Amino acid sequence: MAEFVKDVMTPGVVAVRPDASLVEAARLMRSQNIGDVVVAEGQEVVGVLTDRDIAVRAVAEGLDPLTVGAGSVCTPDPLVVAPDDPVPAAVALMREHAVRRLPVVENGLPVGMVSLGDLAEAQEPASPLADISRAEPDARDTRNVRGIPGVPGGTPPPPV
């Protein structure tokens, strides 16, 4: 069983500036096949933006994702862990604060992300969550948009 966060984290960070549009952030998530990005001011982590944040805090509120910046809908000042933190400490932090992802920061710089799925794979590899976390996306993945009217790559919308 993994002992430290560095043993289970996903190394590297996908980040956007606070003024990056939600469309830019969403496209980055799609291209990287991820559900979150770090919002960073220079090298400092100032927030975490998830695909759910975009849907619930922006689109559902009628905000324009082309003009709204990531910094205005992200979770600000996120909890973070260090690579040398024990895995049980990360689990406890996630449980206590009901979060699914934590940026991993070393010497003030983001170096990775650790997710609920990463921890499930490390602590209980036979669990359903670990199994789901290891699965590759399939044809039902939301990137498969052929045939959906009005979606880039789909069929054109009907004439008005």
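The values are calculated or read from the model by the stated rules, or taken from the named source; none is laboratory data. Treat the numbers as computed from the prediction; the structure is a model and nothing was measured. When we count neighbours, we look across all protein chains shown, and the Cβ atoms used for this are built from the backbone with ideal geometry, even at glycine. Accessible surface areas use protein heavy atoms only, side chains included; no ligands, DNA or RNA. Shrake-Rupley method; radii C 1.70, N 1.55, O 1.52, S 1.80 Å.
Averaging over every viewing direction, what projected area does the convex hull of the Cα atoms of region 1-128 cover, in nm²?
Quarter of the Cα hull surface area: 7.8 nm².
Using θ = phi - 60° and the Karplus relation 6.51 cos²θ - 1.76 cosθ + 1.60, list the HN-Hα couplings for region 31-45 in order, rounded to whole Hz, with x at every Gly or Pro.
Karplus values, whole Hz, x for Gly and Pro: 5, 9, 6, 10, x, 7, 9, 7, 9, 10, 9, x, 9, 8, 6.
Please work out the average accessible area per residue across region 34-131, using the 1.4 Å probe convention, and give it in Å².
Value for region 34-131: 52 Å² per residue.
Hey, rough spin-label estimate for Arg52 and Ser31, points 7 angstrom out along Cα→Cβ, what's it come to in nanometres?
Between Arg52 and Ser31, the simple spin-label model gives 2.6 nm.
If amide hydrogens are placed 1.01 Å from N in the peptide plane, which non-local residues have theirs closer than 5 Å to the one on Gly47?
Val39, Asp77
With all protein chains present, how much of the accessible area of region 1-112 (probe radius 1.4 Å) comes from carbon and sulfur, to the nearest whole percent?
51 percent
Starting from the amide H of Phe4, placed 1.01 Å from N in the peptide plane, find each other amide H under 5 Å away whose residue is 5 or more places distant or on another chain.
Under 5 Å from the amide H of Phe4: Val87.
Starting from the Cα coordinates of region 53-116, work out the convex hull volume and express it per residue in Å³.
Enclosed volume per residue, from the Cα hull, is 99 Å³.
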